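Contents: one structure, followed by commentary.
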Amino acid sequence: MMRPSMRDMFKVFGRIGLLSFGGPAAQIAVMHRELVEDRPWLSEQGFLRALSFCMLLPGPEAMQLATYAGWRLRGVSGGLLAGLLFVMPGALIISVLVGLYATYGNLDLVQAGFLGIKASVVIIVLLALRKLARKALHGVDAWVLAGLGFIGLFALNLPFPLIVLGAGFYGLLRGGKAGEIDGTIQSFNAAQAGRQLLTWGGLWLLPLIALSLSGANFLANIGWFFAKLAVVTFGGAYAVLAYMTQTVVEKHHWISTEQMIDALGLAETTPGPLILVTQFVAMLAGLLAQGPALGLAAGLVALWATFVPCFLWIFLAAPYVEQISSHPRIGAALKSITAAVVGVILNLSVWFALHVVFAEIERFEYGLLSLAVPNWSSLDPVALSLICLAALVTVLTRGSMVFALLLMALAGACTTFL
């Protein structure tokens, strides 16, 4: 593993942040390509170990994977750079979209352009998933764990933590050899862990306490709600969207149901983690309540409450991932979790593709079966055609992701004239 300069890291992680469309499956694919395939910054096993570790943490796993990768390469400064560059492009775009949405309400041309990007992302994710499966799934039991992970989420609607813990428990019982370790093993240091906890815990919570004490009730409520959300968000943003929608719309009445649906749709189309929908909701709520100044302040509070804990989890626990992996049984548990994560990513990929092609997804319930079924009458022929075009463009551009995304954004925007 090489140690890149901060300048090179700025270029690479900046590109990752700009190209991270399509949710965690696509974002993981982009990072794997940039950090493992295109340059020898991380080993294959090191990347997979990091991915499994980040899947165990609350919050957006792709953003935490970027932060962990930056930390592995350049320590705390590298982790901060990588994490911020992963979030900031999407946050800036969200800020612009909130202003446009509040002013015009209808962003058909923008959404059409992003539809072309999403069509391209479907192809990118499928190609990346094939590569990941080849490298992560060795042996029959690994394929079975991946299959069970997919079925558990897609067909049975089981909680994500149950899938991960079940796979880990299987690996723990099965045992085996620990994987290869990158670098030296760092033993647990209670003083260092305490400093990280106090530093990042204080950075996260003290501003929220200050808002509460200052009487800024609206901003304090925004901050504490999204801080709580950051702690319970296991398995990505999708796991808590229903709870978030119910609280934001029905309890606090910050925005309407229709506005929440639009917020989710626009957040899905922008780069960065889907949990950036928290920024959109907060900014729109503040703007509707008292105008642009409060909207901007609410967006900043939501970003702070949502993403600072990601740095807390990584900087607190990341130094000990290699130590954990060096233990044969725990290392085997992480390998089993990695196999199950392939099934998790497949579920995210299918979920994303279905929501691109179909306007309505229903849930079929029968006994233990809880299956997401598309409403075929809601099939979007334009989206399906764009996916087929994206496959052709990917072949013609020979895998040039930036060029393919630009062409598909243009193709999507052109559909508004049909």
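The values are calculated or read from the model by the stated rules, or taken from the named source; none is laboratory data. Computed from a predicted structure; not experimentally measured. Backbone-built Cβ (ideal geometry, glycine too); neighbour counts: all protein chains shown. Areas reflect the complete protein model, heavy atoms only, side chains present, ligands, DNA and RNA absent. Shrake-Rupley method; radii C 1.70, N 1.55, O 1.52, S 1.80 Å.
Results, tabulated for the structure shown:
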item: Selection within segment 138-154 - open to solvent by less than 30 Å² (accessible area, probe 1.4 Å), modelled with pLDDT of 85 or more and within 25 Å of PRO58 (Cβ to Cβ); result: LEU145, ALA146, GLY149, GLY152
item: Pairs where the first residue, in segment 1-14, is farther than 19 Å from VAL30 by Cα and modelled with pLDDT of 95 or more and the second is open to solvent by 70 Å² or more (accessible area, probe 1.4 Å) and part of a loop (DSSP other than H, G, I, E, B), C-beta under 9 Å, 6+ apart; result: none
item: Filter result for the condition that a residue is at pLDDT 75 or above and either surrounded by 15 or more Cβ atoms within 10 Å (Cβ to Cβ) or closer than 19 Å to ILE124 by Cβ (or both), over ALA390, ALA359; result: ALA390
item: Residue within segment 257-277 that is aliphatic (A, V, I, L, M), modelled with pLDDT under 90 and open to solvent by 20 Å² or more (accessible area, probe 1.4 Å) present; result: yes
item: Condition check for LEU100: of a type outside the set (Ser, Thr, Tyr) and surrounded by fewer than 19 Cβ atoms within 10 Å (Cβ to Cβ); result: yes
item: Qualifying positions in segment 358-380 - of a type in the set (A, V, I, L, M), over 23 Å from the mean Cα position of the chain (by Cα) and more than 10 Å from LEU156 (Cα to Cα); result: VAL373, LEU379
item: Criterion: β-branched (Val, Ile, Thr) and without any contact (Cβ under 8 Å) to a residue 12 or more places away in the chain - qualifying residue of VAL96, VAL125; result: VAL96
item: Segment 247-290, residues that are among the aliphatic types (A, V, I, L, M) and under 22 Å from SER349 (Cβ atoms); result: LEU264, LEU266, ALA267, LEU274, ILE275, LEU276, VAL277
item: Residue identified as aromatic (Phe, Trp, Tyr), crowded, with 23+ Cβ neighbours inside 10 Å and over 21 Å from LEU19 (Cβ atoms) among PHE53, PHE86; result: PHE53
item: Verdict on ALA66 being closer than 19 Å to GLU322 by Cα, among the small types (Gly, Ala, Ser), crowded, with 24+ Cβ neighbours inside 10 Å and within 11 Å of the chain's Cα centre (by Cα); result: yes
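Yes/no matrix, rows are residues, columns are (1) outside any loop (DSSP other than H, G, I, E, B); (2) of a type in the set (Gly, Ala, Ser); (3) within 13 Å of the chain's Cα centre (by Cα):
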| site | (1), (2), (3) |
| --- | --- |
| LEU42 | no, no, no |
| GLY59 | no, yes, yes |
| ALA82 | yes, yes, no |
| PHE86 | yes, no, yes |
